[in-house]
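The values are calculated or read from the model by the stated rules, or taken from the named source; none is laboratory data. Note that the structure is predicted; figures quoted are calculated from it, not measured. Counting neighbours? That spans all protein chains shown, and the Cβs are built from the backbone with ideal geometry, glycine included. Note: areas computed on protein heavy atoms with side chains; ligands, DNA, RNA excluded. Shrake-Rupley method; radii C 1.70, N 1.55, O 1.52, S 1.80 Å.
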Amino acid sequence: MMRLLRVCPTVLRQIIRSPIRSALTVIGISVAMYLFVSVEAMREGVHTATQVQAGDTTLVVYRENRFCPFSSRLPQFYGDRIERLEGVNSVVPMQIHVSNCRASLDVVTFRGVPRDELGTALASGGKITDGSVAAWERRGDAAVVGEALAARRGVRVGDRFSAAGITVFVAGILETDHPQDRNIAWVHLPFLQEAARRGGTGGLVTQFNVAVDEPAHLEAVASEIDALFRHDEHPTATRPERAFVGRAARDIVELVDFAGLLAWGALAAVFALIANAIVLAMRDRLRDHAVLQTLGFSGPLIAWMVLVEGATLGLVGGLLGAIGAFATVRVGHFSLTMEGLNIEIASGWSAPLVGIAAALALGVLAAIVPALRLARRDIASCFRAV
Amino acid sequence: MALIECRHLTRTYKRGAEAITPLQDLDLDIEAGAFVALMGPSGSGKTTLLNLLAGIDRPTAGTLSVAGSPVHTLARGELARWRSTHVGYIFQLYNLIPVLTAYENVELPLLLQPMSRSERHARVAAALEAVSISDRHAHYPRQLSGGQEQRVAIARAIVTEPSILLADEPTGDLDRATATSMMELLARLNAEQGRTIVMVTHDPRTTEWADTVLHLEKGKLVEQAVGGAA
Ligand SMILES: Nc1ncnc2c1ncn2[C@@H]1O[C@H](COP(=O)(O)OP(=O)(O)OP(=O)(O)O)[C@@H](O)[C@H]1O
Ligand SMILES: [Mg+2]
């Protein structure tokens, strides 16, 4: 059916040569799709950060009933006892220090780890692209900075930067696909314990990150750890890392679920915009369509032209909105941080692609009814109606 | 056998309970190469007849055959295909597509036919040349005068080289001089290209170019006069 293709330039001319109407429609669609793609990227980010996934092997040991790094305190020697448990590969004691404990878009989180533990702590798929672990080990105030944090703050190796009253020297940039690690500054544990002024105790940490040998052992090891300290002065609550993030960020999770309604609203707006544009165009072109039919254009062919028009409007608006949202997320490196944990807004292709496909589908959908009605219209009466 | 044969051609419109029959039991033969002028008072069914001949409306009863094929039996889709190759329709109000240039308007009917771009270009150029409007090919309808628009519309009607040209008051909106040149153009297409023309007109002066004048009254042919130069 080559004629289906041959009429496409005519449809494009109809769109382009009503520039004001087309532009208004496309702008409306792209704004709505911008909203949709942004919300979807946020939802995707929250989902990735908070839903335990099949290959996860990291547990977080926290003080029971404590929800902020400032109030979770555990004796550092717990680490040795945890390490002796069956199925535990490694234990990294961590001091967490944040510039802001509330939900916020720009929080700097410091994680203090013992000098010889940085390699282990970073082992989960990260690599240092600039600087080195050796450089970090040499200086007491050194920090290895996650790429997202480095990009947001615009710092490089050799720079100093301050947050939450602590000044550190950047000894390395960490590239990783682990969302928690991308937004973190890794520093020396004693340095952070001192800087955070926990009474100079040195023996207290915020949490332990425990790597288990197999994803299947996650739950069992977690219960064992909690059983170990149940009657201790500092009972623990151990969770898979993503579940830990999900609990800490439950407000955000709820908020983002609610924002999902906005995404549906944006889709409805796109549908309404395209349907409106098509219906108005059809009314305008009543005579044109009758003329086309007189020339021998069949009803289905004209219906096809209307569908192409709806699809084009949807596609162009969807592309603009999705590219805009994609660029915003990419350039902005947004991450929501709460209680020292990060939820990154997904900057991958999936949300924009879903957005573009949705806009295209809505364009076709919105044009179907007008197209079918048009295809069935009686030509002779069209000329009388206008 | 005549090119167009109407037998007992009837068209009835139902409007609620009442039925209007603008065309009743019409018998008509039109020979290939004829130039027929169709006259009659307003509401006598001229446009109704023309629409039936053009295949954009279908008879309630009776038969219509064109070049031997029974047009009244064709389904919607077949009828559309038949229209695209057999008839060219010229309207009183030109009915060009406003967002398309003269060239693009004339090109429209060719989009339905399997044809290369260059072949299409050659056909459009020839049609525009035949109506002497080549120099305005890039203009939009709003940039053309009524006479020029009608020339473009005629080019669009002849570009597929149909055997039949149907025109509904083609000079109804034009001044005398322009109407005359339009009639000369139609007469030339009739004489030189051998196109059969059926033209509805209210203007007796335009009938002098036709070789047959038909009078329609209340859906029936009342007389059949032979006109021409005399
Ligand atoms: N689709 C339709 N529905 C109902 N009635 C119709 C329809 N088409 C035509 N008619 C009626 O049929 C009659 C003949 O109409 P037609 O348009 O054929 O007349 P005409 O001879 O072309 O008139 P005019 O010279 O004014 O153009 C009119 O009474 C008209 O109202
Ligand atoms: Mg009429």
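Leaving ligands, DNA and RNA out of it, report the carbon-plus-sulfur percent of the accessible area of the protein assembly as shown at a 1.4 Å probe. Spell out each step's value before the answer.
On the way: 14800 of 26570 Å².
Ligands and nucleic acids excluded, carbon and sulfur give 56 percent.
Taking a ≥ b ≥ c as the square roots of the Cα gyration tensor eigenvalues, with a/c under 1.5 meaning rounded and otherwise prolate when a/b beats b/c, else oblate, which class fits region A:65-234? Write down the numbers at each step before the final one.
On the way: a/c = 1.78, a/b = 1.44, b/c = 1.24.
Verdict is prolate for region A:65-234.
Could you sort the residues of region A:255-292 by number and keep only those whose accessible area is reduced by 20 Å² or more in the all-protein-chain setting relative to the chain alone, 1.4 Å probe? Going by heavy-atom accessible area, the residues of region A:255-292 that drop by at least 20 Å² are A:287, A:288, A:291, A:292. Working from label points 7 Å from Cα in the Cα-to-Cβ sense, the residue A:372 to residue A:12 distance is 3.0 nm. The convex hull of the Cα atoms of region B:14-55, projected and averaged over all directions, covers 4.0 nm². Label separation (residue B:121 vs residue B:218): 5.8 nm, computed from points 7 Å beyond Cα along the C-beta direction. For region B:1-135, the solvent-accessible area works out to 41 Å² per residue, with a probe of 1.4 Å and every protein chain left in place.
Kindly list the residues of region B:184-226 that lie in the label zone of residue B:2, defined by a backbone N under 19 Å from the point 7 Å along the Cα-to-C-beta vector. Only B:195-201, B:210-226 pass the distance filter. Counting only residues 5 or more places away or on other chains, whose amide H sits under 5 Å from the amide H of residue A:186 once H atoms are built in the peptide plane? Amide H neighbours of residue A:186, under 5 Å, 5+ apart: A:111, A:144, A:145, A:146.
Loop-located chymotrypsin sites (Phe, Trp or Tyr not before Pro) across region A:304-357 with a Cβ neighbour count of 15 or fewer within 10 Å are A:349, with loop assigned by DSSP. Test of understanding: in a Gaussian network model of chain A with alpha carbons linked when under 10 Å, which of A:158, A:172, A:55 would top the mean-square fluctuation ranking? For chain A, modelled as a Gaussian network with Cα springs under 10 Å, the answer is A:55.
Modelled label positions at residue A:327 and residue A:137, each set 7 Å beyond Cα in the direction of Cβ, lie 4.5 nm from each other. With 30 Å² as the minimum drop in accessible area between chain alone and full protein complex (1.4 Å probe), the qualifying residues in region B:84-117 are B:91, B:95, B:97, B:99, B:100, B:104, B:108, B:111, B:112.
Using a 10 angstrom cutoff on alpha carbons, build the Gaussian network for chain A and name the most mobile of A:43, A:84, A:156. Of A:43, A:84, A:156, the most mobile in the Gaussian network model is A:84. Rg/Rh, computed from the Cα trace of region B:142-230 with Rh as the Kirkwood radius, has the value 0.97. Helical runs (DSSP H, four residues minimum) scored at -39500 (n - 2.57) apiece and divided by the length of the protein assembly as shown put the mean residue ellipticity at 222 nm at -14500 deg cm²/dmol. Could I get the Rg over Rh figure for the protein assembly as shown? Both from C-alpha atoms, Rh via Kirkwood, rounded to two places. Radius of gyration over Kirkwood radius for the protein assembly as shown works out to 1.30.
Given H placed 1.01 Å from N in the peptide plane, which residues other than close sequence neighbours of residue A:236 have an amide H under 5 Å from its amide H? Here the answer is A:64, A:229, since their amide H atoms fall under 5 Å of that of residue A:236.
Working note: Karplus 6.51/-1.76/1.60 with θ = phi - 60° gives region B:65-79 the couplings 10, 10, 6, x, 9, x, 4, 5, 9, 6, 6, 3, x, 5, 4 Hz, where Gly and Pro are set to x.
What number comes out for accessible area per residue over region A:65-234 if the probe is 1.4 Å? Units Å², please.
Working: 7600 Å² over 170 residues.
The answer is 45 Å² per residue.
Averaged over residues, the count of other Cβ atoms within 10 Å places the peptides A:274-280, A:248-254 in the sequence A:274-280, A:248-254, highest first. Each chain gives up part of its surface: A and B jointly bury about 2400 Å² of accessible area, both sides summed, for a 1.4 Å probe. Restricting attention to region A:65-234, close to 70% of DSSP beta bridges with both partner residues there are antiparallel. Springs join every pair of Cα atoms under 10 Å in this Gaussian network model of chain A, and among A:320, A:174, A:341 the largest mean-square fluctuation is at A:320.
Provide the percentage of antiparallel DSSP beta bridges, counting only those with both residues in chain B; round to the nearest 5.
On the way: 21 of 38 bridges.
Given both bridge residues lie in chain B, the antiparallel proportion sits at roughly 55 percent.
Taking the C-alpha atoms only, the angle from helix A:218-229 to the longest principal axis of chain A is near 40 degrees.
Give the average, rounded to an integer, of partner chain Cβ atoms located within 10 angstrom of each Cβ in A:295-307. Mind dumping the intermediate values first?
Working: counts 19, 19, 7, 9, 3, 3, 4, 1, 0, 0, 0, 0, 0.
Across A:295-307, the average partner-chain Cβ count within 10 Å equals 5.
Helix B:146-158 axis versus longest C-alpha principal axis of chain B: approximately 80°, rounded to the nearest ten. For region A:347-352, putting each phi into the Karplus relation 6.51 cos²θ - 1.76 cosθ + 1.60 with θ = phi - 60° gives couplings of 10, x, 7, 5, 4, x Hz, in residue order, rounded to whole numbers and with x for Gly and Pro.
Among DSSP beta bridges lying fully in the protein assembly as shown, give the percent that are antiparallel, nearest 5.
On the way: 58 of 85 bridges.
About 70 percent, rounded to the nearest 5.
Compute the FRET efficiency between residue B:138 and residue A:262 as 1/(1 + (r/R0)^6), taking r as their Cβ-Cβ distance and R0 = 41 Å, and round to the nearest 0.05. Taking R0 as 41 Å, the efficiency between residue B:138 and residue A:262 is 0.30.
Here the Karplus curve 6.51 cos²θ - 1.76 cosθ + 1.60, taken at θ = phi - 60°, turns the phi angles of region A:294-305 into couplings of 4, 6, x, 5, 7, x, x, 5, 5, 4, 4, 4 Hz, with x standing for Gly and Pro.
Over its Cα atoms, what ratio of radius of gyration to 2.2 N^0.38 Å does chain B give?
On the way: Rg = 17.4 Å, N = 230, 2.2 N^0.38 = 17.4 Å.
That works out to 1.00 for chain B.
Considering only protein heavy atoms, what per residue accessible area in square angstrom results for region A:323-372 with a 1.4 angstrom probe?
Details: 2020 Å² over 50 residues.
Accessible area per residue: 40 Å².
The alpha-carbon of residue B:220 sits under 20 angstrom from the alpha-carbons of these lysines, leaving out residues fewer than 8 places away in its chain: B:14, B:46.
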